[in-house]
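Have a look at the structure below, then the notes.
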Amino acid sequence: MSRLCRTDGLTEEQTEILKVVRTFVDEQIIPVAQELEHADDYPQAIVDGLKEMGVFGLTIPEEYGGLGESLLTYALVVEEIARGWMSVSGVINTHFIVAYLLMQHGTEEQKRKYLPRMATGEVRGAFSMSEPGLGSDVSAVSTKATVSSQEDDGTPLEYSITGQKMWVTNGATSTLVALLAKTDEGADSVYKNMTTFLVEKDAGFGVTGQGVTVPGKIDKMGYKGVETTELILDDHRISAGQILGGKPGKGFFQMMDGIEVGRVNVAARACGLGWRAFELGIAYAQQRRTFGKAIAEHQAILFRIAEMATKVETAHTMMVRAARLKDSGRRMDVEAGMAKMVASELASEVVEASFRIHGGYGYSKEYEIERLYREVAFMLIGEGTSDIQKMIIGRSLLKDHRLV
């Protein structure tokens, strides 16, 4: 067994969960990933297997029908799944974030309404913050929710949401979308005039609910299989009871909390990609022969293998540390940003190194490294680019080390 990506201090239950997931990845994901990815086919059989294993409810508390596992357990599961096929980890990523938002910020009524069905995968979650005109500048959100009916004392009863959302992972398969919209709370800060709504919809494309349309699947260079879509809302009427937590104006802070754990998730996915690229590279280096010996025996390749392994281990260690900090209840925006930045950048370097080891064959779609080369690019931009992570990290460090 490889000495890479081992995690000390795991419980027997965590170890058993990872063992089951790794077996599933080796037997049910890796053998079919190439064919499904090249065809851009949704991995329904794999998703059904994840449901049976309880992965959709991995972090949902037992009282709501889940397994009640930690963020660390979830991150390690994601790392294993991404090692098999990164797109599959995307199937559960936004679902996990929505469940997390409900657990941390939802009312008790909202938790009981959604979490048990999310744990079984009956309700599938999607996370919608981005728009065509904004990336990391969340203050520029233009989707608006206006009060359409209210009580005599002015308390909102219903809202009308209109706007266009972009880059919604699981936009078609999801049936519950945590959606950020601008509301008018009369606050002096734009960040306090945002609200998270729990939008229910049907699965599929086209009109999927009153005032809700999913136009179609966005064609991407990688991250195939799982669908990425736009989401158009036109006078979508929604009860005030569907505001996450029951109170408007808290959406920005709720979404940032979700993004924080999302960055650990992306770090874990990058770790899985790097891990798989290393496995492919070191295997090919022992099979391919030049000048009478395996290329792994050439010093240039041997050094490359050593560097790849070191980068894989570094990324894994930082990802684990960030997850454990979150589980301890401590703030970890800096650590999550560091883990995401380092894991994604190093994964990109490891994949490229493996690609070079493969030589001309790496450019062929017959070889798995070609897929990883396209997939790893998404890690560099998902949940905020490295430049955004540097801004978050730098600003926090300045506060910690400010001169008097």
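No value in this document is a laboratory result; all are computed from the given coordinates. Everything quoted here is computed from the prediction, not taken from an experiment. In this analysis, Cβ positions are derived from the backbone assuming ideal geometry, glycine residues included, and neighbour counts consider all displayed protein chains.
Against the test of being at positive phi and not hydrophobic (A, V, I, L, M, F, W, C), the options GLY57, GLY125, GLY154 yield a single qualifying residue, GLY154. Where helices (runs of 4 or more DSSP H) sit wholly within region 318-404, those with at least 3 residues that are under 19 Å from LEU273 (Cβ atoms) occupy 333-358, 368-379. Does any residue of region 11-31 turn out to be free of Cβ contacts under 8 Å to residues at least 40 places away in the same chain and not in a helix (DSSP H, G or I)? Yes, there is a match, as at least one residue in region 11-31 is free of Cβ contacts under 8 Å to residues at least 40 places away in the same chain and not in a helix (DSSP H, G or I). Of all residues in region 96-153, those being free of Cβ contacts under 8 Å to residues at least 24 places away in the same chain, over 22 Å from the mean Cα position of the chain (by Cα) and either closer than 21 Å to LEU72 by Cα or not in a strand (DSSP E or B) (or both) number 6. Considering region 102-144, the residues that are within 16 Å of LEU176 (Cα to Cα) and of a type in the set (Lys, Arg) include one that is surrounded by the most Cβ atoms within 10 Å (Cβ to Cβ), namely ARG124.
Quick grid of which residues meet (1) of a type outside the set (A, V, I, L, M, F, W, C); (2) in contact with a strand residue (DSSP E or B) (Cβ under 7 Å, 6 or more places away or on another chain); (3) crowded, with 16+ Cβ neighbours inside 10 Å; (4) in contact (Cβ under 8 Å) with a residue 24 or more places away in the chain:
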position: VAL226; (1), (2), (3), (4): no, yes, yes, yes
position: LEU233; (1), (2), (3), (4): no, yes, yes, yes
position: PRO248; (1), (2), (3), (4): yes, yes, yes, yes
position: GLY274; (1), (2), (3), (4): yes, no, yes, yes
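Against the numbered list (1) surrounded by fewer than 24 Cβ atoms within 10 Å (Cβ to Cβ); (2) more than 18 Å from GLN254 (Cβ to Cβ); (3) touching a residue at least 12 places away in the same chain (Cβ under 8 Å); (4) under 26 Å from the mean Cα position of the chain (by Cα), VAL207 comes up short only at (3). Taken across region 161-173, residues that are touching a helix residue (DSSP H, G or I) at 6+ places or on another chain (Cβ under 7 Å) and surrounded by 15 or more Cβ atoms within 10 Å (Cβ to Cβ) do occur, with at least one present. Within region 55-68, residues that are without any contact (Cβ under 8 Å) to a residue 24 or more places away in the chain sit with their Cβ atoms under 6 Å from residues that are of a type in the set (Asp, Glu), at 6+ positions apart or across chains, in these pairs: GLY68/GLU62.
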